[in-house]
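Below: the structure, in C-alpha cells.
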Amino acid sequence: MTKISILGTGWLGLPLAKALIASGNIIKGSTTSENRLDILEKYNIDPYHITLTENGPNGDIHSFLNHSELLIINVPPGLRRDPTINFVAKIQQLIPLIEKSTIKNVIFVSSTSVFAEQEGFPLISNKTFPNATSNAGKQLIEAEQLLQQNKNFRTTLLRFAGLFGPNRHPAQMLSRRTNIKNPNAPVNLIHLEDCIGIIKKIIETSTWGQTLNASHPDHPIKVDYYSEVCKQMGLPFPDYNFEIPSKGKTVDSKNIMKVLDYKFRFKL
C-alpha cells in the first residue's frame with residue numbers, strides 16, 4: 001500500500017486514481033474545480049481544491065502533499081489555450097513545497113512534444129535529447145529538468161504520446177478539418193488504459209529517476225490511419241495538405257517495455 005497524491009484528476013488522473021485505489025493504495029486527488037470535489041469523494045479519493053499559479057499554488061497544498069510518499073504531477077501546461085502562461089514558474093513554485101513534505105518520489109507526466117517533428121521522421125529512443133522548438137515543448141523540457149535534477153526527491157519523467165480512449169480520439173478533432181499538415185508522418189498514440197498500466201508498473205517496480213517515452217509500438221501513416229478510423233466512426237474524412245513535405249517522428253517504446261516488462265494491451 002502506497003500513499004499517493006495525484007495533482008490533476010482530469011481525463012487521465014481520475015481513472016488512474018480509481019485504478020490505484022482498486023490496487024489497495026490510499027489516494028489524495030486535486031482538482032481546479034470546486035464542482036468536482038464531490039466526484040472525487042464519491043470514488044474514495046481524498047479531495048483537494050488546488051490550482052498551480054506562477055506565484056505559488058492556491059489551496060491547501062501542504063495537507064495535500066504531507067503523509068504521502070509519491071506525488072504524480074498530471075497537470076497540462078495549458079499553453080495552447082493561453083500562450084502567455086509560464087508553466088515553468090508554476091513548477092518552480094511547487095518544488096520547495098515538495099522538498100518540505102514527506103514526498104520521496106515524483107512521477108511527472110510529460111509529453112513526447114519535447115521532441116521536434118522533422119523531415120525523415122527520426123526514431124526517438126530513451127537516449128534522444130529533447131529538441132522542441134515550440135513554446136510548450138521548451139517549457140516542458142525546462143520543467144522536466146527542474147524536477148529531475150532536484151536531489152531531495154527522485155523524479156521519473158513519463159512522456160506520453162497522443163492520448164486516446166473512451167469518448168476521446170484525435171480523429172474526432174481532425175474530422176472535417178482542412179489543409180492538415182504532415183499527412184505522411186507516422187502516428188504516435190497511446191490508449192488511456194496503457195497509460196494507467198504503465199504508471200502502475202512504475203510504482204510496483206519502484207522505477208524512480210528514469211526517463212520513459214511511452215507510445216504504442218505501431219506507427220501507421222497519418223493519412224491512412226485517420227481515414228480508416230473516421231470510416232469506422234462514421235465521421236467525415238479530414239482534408240490533408242500534400243504540397244508541403246511531411247515532418248514527424250517515431251517514438252520508440254522498446255525501452256519502456258524492457259525496463260518495466262510492460263506489454264501494451266490496447267491496439268490503435
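Every number here is computed from the coordinates shown, using simple stated rules; none is lab data. Because the structure is predicted, anything quoted here is derived from the model rather than measured. Cβ: placed from backbone, ideal geometry, glycine included. Neighbour counts: every protein chain shown.
Before moving on, here are some points about what is shown:
- Note on the range 166-268: Cα-only Rg and Dmax are 15.8, 48 Å.
- Using 0.36 nm per residue and subtracting the Cα-Cα separation, the extra length available between Lys231 and Ser23 on full extension is 71.1 nm.
- Estimated distance in nm for a label pair at Ile180 and Ile221, the labels positioned 7 Å out from Cα along Cα-to-Cβ: 1.5 nm
- Across the range 80-122 the C-alpha pair distances fall into 5 Å bins from zero in the proportions 5, 14, 15, 21, 15, 14, 9, 4, 2, 1 percent.
- Relative contact order computed over the range 121-268 (Cα-Cα under 8 Å; 6+ residues apart), in percent: 36 percent
- Sites Thr205 and Arg168, calculated FRET efficiency, Cβ-Cβ separation with R0 35 Å, nearest 0.05: 0.80
- The charge dipole of the chain, taken about its Cα centre with unit charges on the Cβ atoms of Lys, Arg (+1), Asp and Glu (-1) only, comes to about 320 debye.
- Prolate is the label for the chain. Its Cα gyration tensor axes, ordered a ≥ b ≥ c, give a/c of at least 1.5 and a/b above b/c.
- Charged-residue dipole, Cβ positions (Lys, Arg, Asp, Glu), the range 131-195 about Cα centre, Debye nearest 20: 180 debye
- Set of lysines with alpha-carbon distance to Lys151 below 17 Å, sequence-local pairs under 8 removed: Lys100, Lys104
- Between Thr250 and Trp11, residue separation times 0.36 nm minus the direct Cα-Cα distance comes to 83.6 nm.
- Bridging of Lys18 to lysines at a Cα separation below 16 Å is possible for Lys3, Lys28, Lys42, Lys200, Lys201, once same-chain residues fewer than 8 apart are set aside.
- Relative packing of 120-131, 144-155, which averages over residues the other C-beta atoms within 10 Å, highest first: 144-155, 120-131
- Peptides 39-47, 107-115, 241-249 ordered by average Cβ neighbours within 10 Å, highest first: 107-115, 39-47, 241-249
- Distance between the C-alpha centres of the range 197-268 and the range 83-144: 18 Å, rounded to the whole angstrom.
- Nearest-0.05 FRET efficiency for Leu37 and Lys151, computed from C-beta distance (R0 35 Å): 0.50
- Peptide ranges 49-61, 210-222 listed from the most packed, as the mean C-beta count within 10 angstrom indicates: 210-222, 49-61
- Across the range 77-168, the mean sequence separation of Cα contacts (distance under 8 Å, 6 or more residues apart), normalised by length, yields a relative contact order of 41 percent.
- The chain, relative contact order in percent, only Cα pairs under 8 angstrom and at least six apart counted: 18 percent
- Label-point separation, Thr51 to Thr128 (7 Å along Cα→Cβ), nm: 3.6 nm
- A dipole drawn for the chain from +1 and -1 charges on Cβ atoms has a positive end, and of Leu20, Ser206, Thr178 the residue lying farthest that way is Ser206.
- Set against the 2.2 N^0.38 Å expectation for a compact globular protein, the range 1-58 has a Cα radius of gyration ratio of 1.09.
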